[in-house]
Amino acid sequence: MLIAVVQVKPSCTADRPRARCCGMAWEKARFRHLSGVSCVITILFEIAHELLNLLRWAIILAAIFSMLSSFGVLDSRNRLVYTIGDFLFRITEPVLRPLRRIIPNFGNLDLSPLAAILLISALQVLLTRIYAAIVYGDVQGLFL
């Protein structure tokens, strides 16, 4: 999860995990110290973080789908297979196309999905540090 909030330690032990002994009280306690503006910022940063996670998974699925279709495991003449492939292509191509122009050609090996996943991970770390600087005032974390 994106947020590193102030830890509210419930009275859970090793034989009673947090999910069973606390339930929804733990989720409510996470945001208790945040003001209204901080909650909105938290929600926006969590949405951005989850969208980047979805994009990462779409890139992984598109790479696997492309590999399976090039080896003939998936038949692209099938309507469902074509629809899934077209969806993955439309989602990932705006991210991968600029990287393909920058990364040199290695024959049939496409390294742009790997570069995109690394860039998405770096962007998530940067977003986490920006979030900490805004909400908690941890400006030093931006410069590390």
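The values are calculated or read from the model by the stated rules, or taken from the named source; none is laboratory data. On a predicted model such as this, the values are computed, not experimentally measured, just so you know. Backbone-built Cβ (ideal geometry, glycine too); neighbour counts: all protein chains shown.
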Next item on the list: Quick one: count up the residues across region 102-144 that are surrounded by 13 or more Cβ atoms within 10 Å (Cβ to Cβ), assigned to a helix (DSSP H, G or I) and more than 14 Å from the chain's Cα centre (by Cα).
Entry: 12
Notebook entry, point to check: Is there any pair with a first residue in region 109-121 that is closer than 13 Å to Thr92 by Cβ and a second that is polar (S, T, N, Q) whose Cβ atoms are under 9 Å apart and which are 6 or more apart or on different chains, and what are they?
Noted result: Asp110/Ser66; Pro113/Ser66; Pro113/Thr92; Ala116/Thr92; Ile120/Asn53
Notebook entry, point to check: In region 34-78, how many residues are over 26 Å from Pro94 (Cβ atoms), in a loop (DSSP other than H, G, I, E, B) and touching a helix residue (DSSP H, G or I) at 6+ places or on another chain (Cβ under 8 Å)?
Noted result: 2
Notebook entry, point to check: Given the structure, is Arg90 surrounded by fewer than 13 Cβ atoms within 10 Å (Cβ to Cβ) and modelled with pLDDT of 95 or more?
Noted result: yes
Notebook entry, point to check: Which pairs have Cβ atoms under 9 Å, sit 6 or more apart or on different chains, and link a residue in region 70-90 that is among the small types (Gly, Ala, Ser) to one that is modelled with pLDDT of 90 or more?
Noted result: Ser76/Ser69; Ser76/Tyr82; Ser76/Gly85; Gly85/Ala62; Gly85/Phe65; Gly85/Ser66; Gly85/Ser69; Gly85/Leu74
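Quick test for you: out of Ile60, Ile41, Ile47, pick the one residue that is in contact with a Pro (Cβ under 8 Å, 6 or more places away or on another chain) and either under 18 Å from Leu127 (Cα atoms) or at pLDDT 95 or above (or both).
Checking each option against the conditions leaves just Ile60.
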